[in-house]
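Colleague: So that we are looking at the same thing, I have put the structure below in structure tokens.
The values are calculated or read from the model by the stated rules, or taken from the named source; none is laboratory data. These numbers were taken from a predicted model, which means no experiment stands behind them. Reconstructed Cβ throughout: ideal geometry from the backbone, glycine too, with neighbour counts over all protein chains shown. Just so you know, the surface numbers come from the protein's heavy atoms only, side chains and all, with ligands and any DNA or RNA stripped out. Shrake-Rupley method; radii C 1.70, N 1.55, O 1.52, S 1.80 Å.
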Amino acid sequence: MADSDLKKAWLSLSPNANEPEIATKLMCGAILPFFGFEIDEICQQYLTGKGNDTVDMAVRKNTPEDNFSHTKQGAYLIIELKKRDLDISSQTTPYKNAVQQVKRYLLPSAVNCGSAKWAILTNANNIQLFRRHGRVVYPFTQNIALTAENIDEKIALLKKYIENEEQALSVTLYNNKGGVGKTTTTINLAGILSLPSPVGFNKKVLVVDFDPNQKDLTDLLEVKLSSLNLFDFFQDHKNQNIQDVISKYRLQVKSDVEYGFDIIPADEKFLTGDISQQKAGILRQSLIQLKNEYDYILIDSPPGMSDFTKEAIVAGDVILMPSKHNGIASFKNAAMAMRTTFPELGESRREFHEELANPTPLPIFFNGEQITPTQKQQAQEAIQKIITQAKRQDRVDLLHFFFPKYRPSNKNLDIFELPSYAHIASAAFSSRPAVFSSKKAREYYRHLVKEYFL
């Protein structure tokens, strides 16, 4: 059988091919045509709109009124190329630097890339697909090693993911330790995202109460179960419809105005139920059916590392970890999750979707406490020790998980803080998110959304 155009292009590259050769022979000559892009839908040395930053390539489909190669605006997919002899296999310094480049190009301040949904990083030996949702940029696939034998399969996989773009971002609220405010955060995050603008963000939100230990979220909001409960769905998910598990939470404000979001509630069977015999990844696979009906899917997970916790983590695209400034144990547990738990659970994700990346943790934040300067310094010092130990023992870099604004030039150790406010906690007794009734709560959670999501 004759070699494909992809294989021929890959084999034609010189061993030390530079970026222009990779762009011409592999990207323009094979991969981008395979993705369905024409030559006038490709721009090289594309100005991102952030200073003089340029990304190697950008593509977008033309419209009858707008030729991308002429207007050079509104990129859909950007491509960062590296020399073939530069080692960008995972965990190398060049790889980490390249990932930071990709993320910088996709920030909202890079206006010409503001519409980009995807990014590819490649040196022809390795290739990785990144997704952008709002201001969240995360690895969508693993860093894939390309060979002559697998290039057809792997590039076809990337094409499938790009063409089947999902609308929703799945966010799992997780911390190994209880009492850090996961449920309160989930409820109010759903509330502020779903509130109409300009008060909120006017997003369609689904919340999943996946904490069988308490089902607090379901009880606090007094959610009525739908025609099918979640535990029974799990026992026979192949013959059931996940839509039948969804309940609606709505607050009538005026005769013609209501606020709210959808909820998959926990039921009484969860309290004594066992899902250990079920194949891991059922929740994720089931929620995929709903990905184009919502903008955000928020999953409230239990503490510890039960089968329910693992299932919730597998289902998330990203993991958001509320914490306390004095929670040294939870900092260590978070570091352990980054080093071992998330990579191990990534294997469960890949049983359903080949080459899918591990769950991506978002930077940690301090939730609901007033912190003195002394307490903040103590927390920072404790975290720095954890970062140093992880780098020395496991060669895992946790710096930007704990200190996302740190740069060698500024040494910024700031961690986002969601301040304490009595009304947020007391609002639970009124069976509504605090953001629905408190201007101060809305202000706090708008800051949270802008810091992490939009």
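Colleague: Mean projection of the alpha-carbon convex hull of the stretch 43-90 over all orientations, in nm²? Please report the intermediate quantities before stating the final value.
Modeller: Values: hull surface 17.5 nm².
Reported value for the Cα convex hull: 4.4 nm².
Colleague: With Rg and the Kirkwood Rh both taken from Cα atoms, where does Rg over Rh land for the stretch 123-187? Display every interim value, and only then the final one.
Modeller: Working: Rg = 16.9 Å, Rh = 14.7 Å.
Value, to two decimals: 1.15.
Colleague: Using DSSP to call loops (not H, G, I, E or B), can you name the trypsin sites (Lys or Arg not before Pro) in the stretch 278-313 whose Cβ has at most 13 other Cβ atoms within 10 angstrom? Let's see the in-between values first.
Modeller: Working: sites: K279, R284, K291, K310; in loops: K279, K291.
Answer in residue order: K279.
Colleague: If you don't mind, there's one more thing I want to ask. So for the chain, Kirkwood radius off the Cα pairs, Stokes-Einstein at 25 °C and 0.890 mPa s: how many µm² s⁻¹? List each step's numbers first, then the result.
Modeller: On the way: Rh = 23.4 Å.
The diffusion coefficient I find is 105 µm²/s.
Colleague: Let me check something: with ligands and nucleic acids excluded, how do D232, D300 order by accessible area (1.4 Å probe), largest to smallest? It would help to have the intermediate numbers written out before the result.
Modeller: Working: D232 50, D300 0 Å².
From most exposed to least exposed: D232, D300.
Colleague: Would you kindly calculate the translational diffusion coefficient of the stretch 184-342, applying Stokes-Einstein with the Kirkwood radius from alpha carbon pairs, for 10 °C and a viscosity of 1.306 mPa s, and quote it in µm² s⁻¹ without decimals?
Modeller: Numbers: Rh = 16.6 Å.
Answer, rounded: 95 µm²/s.
Colleague: Which order do peptides 397-405, 89-97 fall in by mean Cβ count within 10 Å, highest first?
Modeller: Numbers: 397-405: 17.3, 89-97: 13.1.
So the peptides 397-405, 89-97, ranked by packing, come out 397-405, 89-97.
Colleague: Moving on. Starting from the 7 Å offset along Cα-to-Cβ, what nm value, one decimal, do you get for the label separation of R135 and T388?
Modeller: For R135 paired with T388, the spin-label model returns 3.1 nm.
Colleague: Further, regarding this structure: State the antiparallel share, in %, of DSSP beta bridges confined to the chain, rounding to the nearest 5.
Modeller: Values: 28 of 55 bridges.
In the chain, DSSP labels about 50 percent of beta bridges as antiparallel.
Colleague: If I model a spin label at D40 and S109 as a point 7 Å from the Cα along the Cα→Cβ vector, what separation in nanometres do I get?
Modeller: For the pair D40/S109, the computed spacing is 3.6 nm.
Colleague: Would any residue of the stretch 91-119 have its amide N under 15 Å from a label point 7 Å out along Cα→Cβ of K83? List them or say none.
Modeller: Answer for the stretch 91-119: 94-95.
Colleague: Moving on to the next point. If each residue of separation counts as 0.36 nm, what is the full-extension length gain between Q278 and K117 once their alpha-carbon separation is subtracted? Please report the intermediate quantities before stating the final value.
Modeller: Details: separation 161, 0.36 × 161 = 57.96 nm, distance 3.37 nm.
The Q278-K117 span can extend by a further 54.6 nm.
Colleague: Let me ask something additional. What is the Cα centroid distance between the stretch 107-185 and the stretch 232-291, reported in whole angstrom?
Modeller: For the stretch 107-185 versus the stretch 232-291, the Cα centre distance is 25 Å.
Colleague: OK, next. What are the GluC sites (Glu not before Pro) within the stretch 145-195 that DSSP puts in a loop, where the Cβ has at most 12 other Cβ atoms within 10 Å? Working shown, then result.
Modeller: Numbers: sites: E149, E153, E163, E165, E166; in loops: E149, E165, E166.
The qualifying sites are E149.
Colleague: Taking only DSSP H segments of four or more residues, each worth -39500 (n - 2.57), what value at 222 nm results for the chain once the sum is divided by all its residues, to the nearest 500 deg cm²/dmol? Intermediate results must be reported in sequence, preceding the final value.
Modeller: Working: 17 runs with 151 residues, N = 454.
Result for the chain, helices only: -9500 deg cm²/dmol.
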